[in-house]
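Inspection log for the structure reproduced underneath, given as structure tokens.
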Amino acid sequence: MTTRRRFLTDLVRYSALCAGVPSAWRVTTRPRLVDDPFQLGVASGDPTATGGMLWTRLAPRPLEPDGGMDGQRTVVEWIVAEDDPFAQVTQRGRVTAAPELGYSVHVDVDGLAPDRWYFYRFATGDATSPVGRIRTAPAEGATSPLRFAFASCQHYEQGLYTAYQHLAREELDLVAHLGDYIYEYGPAPGRVRQHATTEVRTLDDYRQRYAQYKSDPLLRAAHQHCPWIVTWDDHEVDNNYAGLVGENLMESEE
């Protein structure tokens, strides 16, 4: 039986193997997508002096299994430029969005100049993603001001994300998220809005829960605005867990 803790450990190990997509997953056919596949937006993170990570996830119907992709392996093009009109392109490439990774795309960009802004976007078929921004870190030994914000504990049911609307208007270089990006609970009556699924336990449950959170337009805008550095806390797995001991087992032993 897979526990939440073991699931998280396996997921971290699996993610480390997925910096590149195996050649067996690569495809060259154009996708057949009726709805916009970029409804969960784009994001950048973990900036270095020469690059960073770019992310998107194809999900034309975000709360359906596989995000509504129906098993299609899909080529996604990515592009990085020095300007928003993408007239001064610095890098571009292609990657395959595969069901094994929930149609998430992670592009590890390198070879950029330090301490400056870049713009990026993705495309597949006839669809183009929103434009995101990433700022590279200063070169080693350089000193420059850092404007950053931090966020945490963004329980979807307990409030609207208006703070992110404000954050996306600030002149920020970085956002640090300190954990509880999602909450694992099932829906509770009387809340501002409700989780769409029961308490998350399986991989598909987690993918749908993250999709619901990222469906919020204000959270998406904050991710587009600048790179994030993200860690997790207990609610990404189970409230107040300790090792392999979940909250319910701990309560039963008190």
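The values are calculated or read from the model by the stated rules, or taken from the named source; none is laboratory data. These numbers come from a predicted model, not from an experiment. Heads up, the Cβs are rebuilt from the backbone with ideal geometry, glycines too, and the neighbour counts pull from every protein chain shown.
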Could you run through the range 122-135 and say how many residues are more than 25 Å from TYR206 (Cα to Cα), surrounded by 14 or more Cβ atoms within 10 Å (Cβ to Cβ) and of a type outside the set (Gly, Ala, Ser)? 5
Only listed residue being more than 30 Å from ASP115 (Cβ to Cβ), in contact with a helix residue (DSSP H, G or I) (Cβ under 7 Å, 6 or more places away or on another chain) and among the charged types (D, E, K, R), chosen from ARG220, ARG207, ARG191: ARG191
When only residues in the range 209-245 that are of a type in the set (S, T, N, Q) and more than 20 Å from PRO62 (Cβ to Cβ) count, which is surrounded by the most Cβ atoms within 10 Å (Cβ to Cβ)? ASN239
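Here is a yes/no grid of residues against (1) aliphatic (A, V, I, L, M); (2) farther than 25 Å from LEU101 by Cβ:
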site	(1), (2)
PHE150	no, yes
CYS153	no, yes
TYR161	no, yes
GLU171	no, yes
LEU174	yes, yes
ARG209	no, no
Conditions first: (1) in contact (Cβ under 8 Å) with a residue 40 or more places away in the chain; (2) exposed (fewer than 14 other Cβ atoms within 10 Å of the Cβ); (3) part of a helix (DSSP H, G or I). ASN248 passes all but one, so which condition is the exception? (1)
Given the conditions (1) loosely packed, with under 15 Cβ neighbours inside 10 Å; (2) of a type in the set (S, T, N, Q); (3) more than 20 Å from the chain's Cα centre (by Cα), report the number of the one that THR162 does not fulfil. (3)
Take the conditions farther than 18 Å from LEU203 by Cβ, in contact (Cβ under 8 Å) with a residue 12 or more places away in the chain and of a type in the set (Lys, Arg) and apply them to ARG73. Does it pass? yes
Which one of these is more than 20 Å from LEU63 (Cβ to Cβ), modelled with pLDDT of 95 or more and of a type in the set (Ser, Thr, Tyr): TYR156, TYR206, TYR164? TYR164
Consider only pairs whose beta carbons are under 6 Å apart and that are at least six residues apart or on different chains; among these, list those whose first residue lies in the range 168-191 and is farther than 23 Å from ASP238 by Cβ and whose second residue is surrounded by 13 or more Cβ atoms within 10 Å (Cβ to Cβ) and modelled with pLDDT under 95. none
Can you tell me which residue among VAL175, VAL237, VAL245 is within 18 Å of the chain's Cα centre (by Cα) and modelled with pLDDT under 95? VAL237
